[in-house]
Amino acid sequence: MTYRFYYSVGKIIFKKIKLNFSKFNLSSQILFLFIPILENSFAMRKHFFLIMTLVYWLFMVVGFSDNWLYDIGQASNSVLKFMIHAFFAFAWFSLLLAQSVLISFGNLRHHKKLGIAGFVIFPAMCLSIGYIYGVRYLELGYLAPLSKMVIAQVFYAVILTTLSFIYRKKAPIKHKNYMILGSF
């Protein structure tokens, strides 16, 4: 039932808002290429989790494109803690996308085998986030509101991903829902 909510909200937003693509940069325009997929109700229902993980992956790639595409000389690109975080975040969202592709094509056996990698990648990503914000807190003596929000997101992601693991065999729908919500 989750897809109905996202589909309805997306449909309302894109019909009500007149998008002028010239106002968006190229990376944002690329994301809008996936809007026609959302218009097809059948495709949305059948491939909801695949589409959502692809959107998550694209947001990650586009959102951090300044670090790896057009402003690669920035100082933060040479800081080890950010490189480690980037590696594990990219690995997590790539794994999530690969898992969705495997399930979409009915390959449960490989989905299960590849899922084992998540037991290393997800905790490493969360620890890298914790380290980045822990160091920031020690430097400043406080956390900015955005930093607190990120920490809360990681906390909820850990809870939802753990629930996803618990329900992977008992309730595959809960497994999928918890995983998709825990990754956002």
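Observations, loosely collected:
- Residue exposure sequence - Trp57, Trp92 - by fewest surrounding Cβ within 10 Å: Trp57, Trp92
- When +1 charges are put on Lys and Arg Cβ atoms and -1 charges on Asp and Glu Cβ atoms, the dipole computed for the stretch 45-133 relative to its Cα centre reaches about 540 debye.
- Label-point separation, Phe64 to Leu108 (7 Å along Cα→Cβ), nm: 3.3 nm
- Sparsely packed trypsin sites (Lys or Arg not before Pro) within the stretch 151-181, loop by DSSP, other Cβ within 10 Å at most 15: Lys169, Lys170
- Where only C-alpha atoms are counted, convex hull volume of the stretch 58-113 per residue in Å³: 76 Å³
- Inter-site label distance for Phe82 and Ala171 at 7 Å from Cα along Cβ, in nm: 4.1 nm
- Net charge of neighbours whose Cβ lies under 14 Å from the Cβ of Asn77, counting Lys and Arg as +1 and Asp and Glu as -1: -1
- Exposure proxy order (Cβ contacts within 10 Å, fewest to most) of Phe90, Phe105: Phe105, Phe90
- Cα gyration tensor category, rounded, prolate or oblate, for the stretch 46-90 with a/c compared to 1.5: oblate
- In terms of surrounding Cβ atoms within a 10 Å radius of their Cβ, Thr161, Thr53 rank from fewest to most as Thr161, Thr53.
Bear in mind that the values in this text are calculations on the coordinates, not laboratory data. The structure displayed is predicted, hence computed values, not measured ones. Note that each Cβ is placed from the backbone with ideal geometry, even for glycine, and that neighbours are counted across all protein chains shown.
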